[in-house]
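Here's the structure we're looking at; comments come further down.
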Amino acid sequence: MSRVSFFEVEILDAKTKEQLCFLDKVEPNATVGEIKSMFHKSYPQWYPARQSIRLDPKGKCVRDEEVLQTLPVGTTATFYFKDLGSQVGWTTVFLTEYAGPLFIYLLFYSRLPFIYEEEYEFSTSPHTVVHLAGFCHSFHYVKRLIETLFVHRFSHGTMPLRNTIKNCFYYWGFTAWLAYFINHPLYTPPLYGDQQVNLALGTFVVCELGNFSIHITLRNLRSEGSKMRKIPKPTKNPFTWLFFFVSCPNYTYEVGSWIGFTIMTQCLPVGLFTLIGFFQMTVWAKGKHHMYLKEFKDYPTLRMPIIPFLL
């Protein structure tokens, strides 16, 4: 009968190199997630989601699924700990980020007192495009809330609280800015009238349906609780055929929705929000694209991160 060789695990502070914890007789098949739980028993204030465990003080965080005996360490393993700060679950993050814009926009749409001049309190705009924009904006964020509750499966469980606050300032602040101008009593409808509005509305609807279709496809890639990664592929749904050309069509459709909303409202703050969102989603798409290329040797070579054949 073979004898099991246990590991000793030393956890140091990533900044000071001070020893925080020493674990004796750790099973060789223990995962990093299990080591985090052991560390948590010694330091209750640092629950596993707050912990960043690394092999090097300035290196990348080791994934929870990694097994101790497969890591490049000796029988006495040294890890470095960094506190990630207070964490918020992703469902809570998205509900907070998306409920805010939905509520804030409707405050401006209703023209509540103290937003515009007194004579316009609780008045309604004579322009159809203003009401259409209000419906589209509300639909977009209601859709996001529904997807958060019933569609999305999050591979990472939490986000730092400080990042959540920063994101809320971004979404809520931009919503207040663009809603103020779209619902302003002196708002001017688009230059080319109904033709411009209808074209923009069609773009918005198609991209919203496309975005939802991609999210459903991504959800179906793995079962609940599974972290196994697969290559996203097109299905019989035509909206998913964009997977033939880009790695992150959900971002492509998201940008398309906001381009449609920009054309519909012909409002500068909306255009700026769309532009900033495009830059950010391009960064995310490139990161995911490179991750797919690194992880899957048979990954389709025709795909680009976010824009077919270009970017």
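Of Tyr116, Tyr43, Tyr251, which has the largest mean-square fluctuation in a 10 Å C-alpha GNM of the chain?
Top of the fluctuation ranking is Tyr43.
Past 22 Å, Cα to Cα: identify those pairs from Lys230/Lys286; Lys36/Lys297; Lys36/Lys58; Lys230/Lys294, in the order given.
Working: Lys230/Lys286 17 Å; Lys36/Lys297 32 Å; Lys36/Lys58 18 Å; Lys230/Lys294 13 Å.
Among Lys230/Lys286; Lys36/Lys297; Lys36/Lys58; Lys230/Lys294, the Cα-Cα distance tops 22 Å for Lys36/Lys297.
If you stretched the chain out fully between Phe244 and Lys15, how much longer would it get, using 0.36 nm times the residue separation minus the C-alpha to C-alpha distance? Present the calculation step by step, with values, prior to reporting the outcome.
Working: separation 229, 0.36 × 229 = 82.44 nm, distance 4.54 nm.
The span from Phe244 to Lys15 would gain 77.9 nm if fully extended.
Would you work out which of Leu201, Ile165, Leu71 lies farthest towards the positive end of the dipole of the chain? Charges go on Cβ: Lys and Arg +1, Asp and Glu -1.
So the residue furthest toward the plus end is Leu71.
Given a 1.4 Å probe and the protein chains all in place, what does the accessible area of Ser213 round to, in Å² to the nearest 10?
Counting only protein heavy atoms, the figure is 10 Å².
Taking the Cα-to-Cβ direction at Leu55 and at Met228 and moving 7 Å from each Cα, how far apart do the two end points lie in nm?
So the label points at Leu55 and Met228 sit 2.5 nm apart.
Could you tell me the distance between the Cα centroids of segment 100-163 and segment 1-62, to the nearest Å?
44 Å
Only sites in a loop by DSSP and with at most 15 other Cβ atoms within 10 Å count here; which trypsin sites (Lys or Arg not before Pro) in segment 1-71 make the cut? Before the final figure, lay out the partial values.
Working: sites: Arg3, Lys15, Lys17, Lys25, Lys36, Lys41, Arg50, Arg54, Lys58, Lys60, Arg63; in loops: Arg3, Lys15, Lys17, Lys58, Lys60, Arg63.
Here the sparse-neighbourhood loop sites are Arg3, Lys15, Lys17, Lys58, Lys60, Arg63.
Considering amide H positions built from the backbone, and no H for Pro or chain starts, which residues 5 or more places from Met304, or on another chain, come under 5 Å of its amide H?
Val246, Ser247, Phe309
State, to one decimal in nm, how far the label point of Glu66 lies from the label point of Phe22, with both points 7 Å from Cα in the Cβ direction.
For the pair Glu66/Phe22, the computed spacing is 2.3 nm.
With charges set only on the Cβ (+1 for Lys and Arg, -1 for Asp and Glu), what does the dipole of the chain come to about its Cα centre, in debye to the nearest 20?
Dipole size: approximately 1120 debye.
Select from segment 181-234 those chymotrypsin sites (Phe, Trp or Tyr not before Pro) which occupy a DSSP coil region and have at most 15 other Cβ atoms within 10 Å, ordered by residue number. Intermediate results must be reported in sequence, preceding the final value.
Numbers: sites: Phe181, Tyr187, Tyr192, Phe204, Phe212; in loops: Tyr187, Tyr192.
Here the chymotrypsin sites (Phe, Trp or Tyr not before Pro) that fit, given the DSSP loop and packing criteria, are Tyr192.
Once fully extended, how much extra length lies between Glu8 and Tyr170, figured as 0.36 nm per residue of separation less the alpha-carbon to alpha-carbon distance?
On the way: separation 162, 0.36 × 162 = 58.32 nm, distance 4.52 nm.
Computed gain between Glu8 and Tyr170 is 53.8 nm.
Which value at 222 nm does the chain reach when only helices count, each DSSP H run of 4 or more adding -39,500 (n - 2.57), with the total divided by all residues and rounded to the nearest 500 deg cm²/dmol? Intermediate values should be presented prior to the final figure.
Numbers: 7 runs with 148 residues, N = 311.
So the helix-based figure for the chain works out to -16500 deg cm²/dmol.
Subtract the Cα-Cα distance of Asn220 and Ile307 from 0.36 nm times their separation in residues, and report this length gain in nm to one decimal. Let's see the in-between values first.
Values: separation 87, 0.36 × 87 = 31.32 nm, distance 2.36 nm.
Length gained, Asn220 through Ile307: 29.0 nm.
Please sort through the DSSP H helices of the chain and keep those with an alpha-carbon extent of at least 20 Å along the long axis and a Kyte-Doolittle average not below 0.0.
Numbers: long enough: 90-109 (29 Å, 1.08); 128-150 (33 Å, 0.69); 161-182 (31 Å, 0.37); 193-219 (39 Å, 0.54); 249-265 (24 Å, 0.12); 268-295 (40 Å, 0.38).
Going by DSSP H runs, the hits are 90-109, 128-150, 161-182, 193-219, 249-265, 268-295.
Determine the shape class of segment 233-284: with a ≥ b ≥ c the square roots of the Cα gyration tensor eigenvalues, call it rounded for a/c under 1.5, and otherwise prolate if a/b is greater than b/c, oblate otherwise. Walk me through the numbers before you get to the answer.
On the way: a/c = 4.97, a/b = 1.86, b/c = 2.67.
Oblate shape, in that a/c is at least 1.5 and b/c is the bigger or equal ratio.
Among Asn237, Asn167, Asn220, which one moves the most in a GNM of the chain with springs linking Cα atoms closer than 10 Å?
Greatest mean-square fluctuation among the candidates belongs to Asn237.
For the chain, give the percent of accessible area contributed by carbon and sulfur heavy atoms, probe 1.4 Å, rounded to a whole number. All intermediate terms of the calculation are to be shown ahead of the outcome.
Values: 11120 of 17600 Å².
Carbon with sulfur: 63 percent of the solvent-accessible area.
For the chain, calculate the relative contact order in percent as a whole number, restricting contacts to Cα pairs under 8 Å that are 6 or more residues apart.
Working: 430 pairs, mean separation 43.5, N = 311.
That works out to 14 percent.
For the chain, modelled as a GNM with alpha-carbon contacts under 10 angstrom, which of His290, His137, His184 fluctuates the most?
His290
Distance in nm between label sites at Asn237 and Lys288, each 7 Å beyond Cα in the beta-carbon direction?
1.4 nm
Rg (Å, one decimal) plus Dmax (Å, integer) for the alpha carbons of the chain?
Reported Rg and Dmax, both Å: 24.4, 89.
Restricting attention to segment 1-99, which GluC sites (Glu not before Pro) occupy a DSSP loop and are surrounded by at most 10 other Cβ atoms within 10 Å?
On the way: sites: Glu8, Glu10, Glu18, Glu34, Glu65, Glu66, Glu97; in loops: Glu18, Glu65, Glu66.
Hits after loop and neighbour filter: Glu18, Glu65.
Using a 1.4 Å probe, what is the accessible area per residue for the chain, in Å²? Before the final figure, lay out each step's value.
On the way: 17600 Å² over 311 residues.
Using a 1.4 Å probe on heavy atoms only, each residue of the chain averages 57 Å².
For segment 204-311, rounded, prolate or oblate, judged on the Cα gyration tensor with a ≥ b ≥ c (square roots of eigenvalues), a/c < 1.5 rounded, else prolate if a/b > b/c?
Values: a/c = 2.06, a/b = 1.64, b/c = 1.26.
In terms of gyration-tensor shape, prolate.
Once Lys and Arg get +1 and Asp and Glu get -1 on their Cβ, which of Pro269, Tyr292, Leu191 lies farthest toward the positive end of the dipole of the chain?
Tyr292
Hey, with R₀ at 25 Å, roughly what FRET efficiency would Ile115 and Thr188 work out to, going by the Cβ-Cβ distance, to 0.05?
On the way: r = 19 Å, r/R0 = 0.74.
Working from the Cβ atoms, E equals 0.85.
The values are calculated or read from the model by the stated rules, or taken from the named source; none is laboratory data. It should be emphasised that the depicted structure is a prediction, and the values quoted were computed from it without experimental measurement. Note that each Cβ is placed from the backbone with ideal geometry, even for glycine, and that neighbours are counted across all protein chains shown. Surface accessibility is based on the protein's heavy atoms, side chains included, excluding ligands, DNA and RNA. Shrake-Rupley method; radii C 1.70, N 1.55, O 1.52, S 1.80 Å.
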